[in-house]
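Heads up, the thing below is written out as structure tokens.
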Amino acid sequence: MNKKLIKIVLLMVILGSSILGLAGCGEQTNNDNKDNSQVQESKDEGLKEYNGDTEDYTGYVTCTEMEGVEFKYPENYKSAGTSTQPAFQDQEIAGASVNIVSSAMPKGYSFENYIDASIKGVKSQMTINGEINKEYINLNGRKAAKLTYSATSQGITLQVTQVVIEKDAKAYILTMGGFESDSEALAPKIDKMIKSFK
């Protein structure tokens with residue numbers, strides 16, 4: 001793997017990890033770290049649904065290295081992470097990768113406050129080109145946040161999609177992306193990876 005590709009994978013891992021340490025700067029709402037993210041409340045009706053049960057995952061592999069969650073990634077992606085921070089790199093599209101990280105949800109934060117604080121933190125750590133688009137979605141019956149943005153670091157500009165779920169008082173962040181020029185080619189893969197995240 002050449003140095004530029006290693007840099008890109010590391011950048012994607014940093015993007016995923018940066019959300020974890022950044023939720024300390026938002027407003028707090030007491031939720032006693034209960035898992036309130038199951039989509040059952042009427043206020044969550046109407047969220048765009050992502051459901052992996054109807055997808056054909058032929059040619060995809062299940063990542064189960066992160067205790068508590070799983071997702072599927074294309075079989076041509078090769079491991080570029082560790083057992084505690086799984087990351088996989090596309091072997092056909094240079095710079096494309098996916099990784100997952102987790103952390104305990106901060107006490108006293110609602111899911112929405114955590115997401116808002118995370119967005120502020122990402123903006124403070126990276127050069128964001130434009131805005132971070134935030135969308136709450138129904139992901140396999142669980143409320144999730146989908147963040148999309150373009151980020152530049154160390155002269156490299158990437159198109160990034162992050163999906164955050166809260167499960168068992170933990171935040172899990174799935175980060176996918178690649179060069180902006182490859183966005184169209186990566187879109188179907190990213191959509192399938194999102195739908196498989198549970």
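The values are calculated or read from the model by the stated rules, or taken from the named source; none is laboratory data. Since the model is a prediction, treat every value here as computed from it, not as a measurement. For neighbour counting, all protein chains shown are included, and Cβ atoms are generated from backbone atoms with ideal geometry for every residue, glycine included. All accessible areas refer to the heavy atoms of the entire protein, side chains included, with ligands and DNA or RNA removed. Shrake-Rupley method; radii C 1.70, N 1.55, O 1.52, S 1.80 Å.
Pairs with C-alpha atoms separated by more than 24 Å, drawn from the list 143/195; 120/189; 146/170; 123/146; 78/143, are 120/189; 78/143.
Of the trypsin sites (Lys or Arg not before Pro) found in the range 76-126, those in coil by DSSP whose Cβ has at most 13 other Cβ atoms within 10 Å are 107. Taken about its Cα centre, the range 103-160 carries a charge dipole of roughly 160 debye when the Cβ of each Lys and Arg holds +1 and the Cβ of each Asp and Glu holds -1.
For residue 77, the solvent-accessible surface with a 1.4 Å probe is about 10 Å², rounded to the nearest 10. Charge tally around residue 54: other residues with Cβ under 12 Å, Lys/Arg +1 each, Asp/Glu -1 each, net -2.
A convex hull fitted around the alpha carbon atoms of the range 68-198 yields 114 Å³ per residue. Here the relative contact order of the range 146-195, from alpha carbon pairs under 8 Å that lie six or more residues apart, stands at 28 percent.
Straight-line reach from residue 48: taking Cα to Cα under 18 Å and skipping same-chain neighbours fewer than 8 places apart, the aspartates and glutamates in range are 112, 135, 166, 191.
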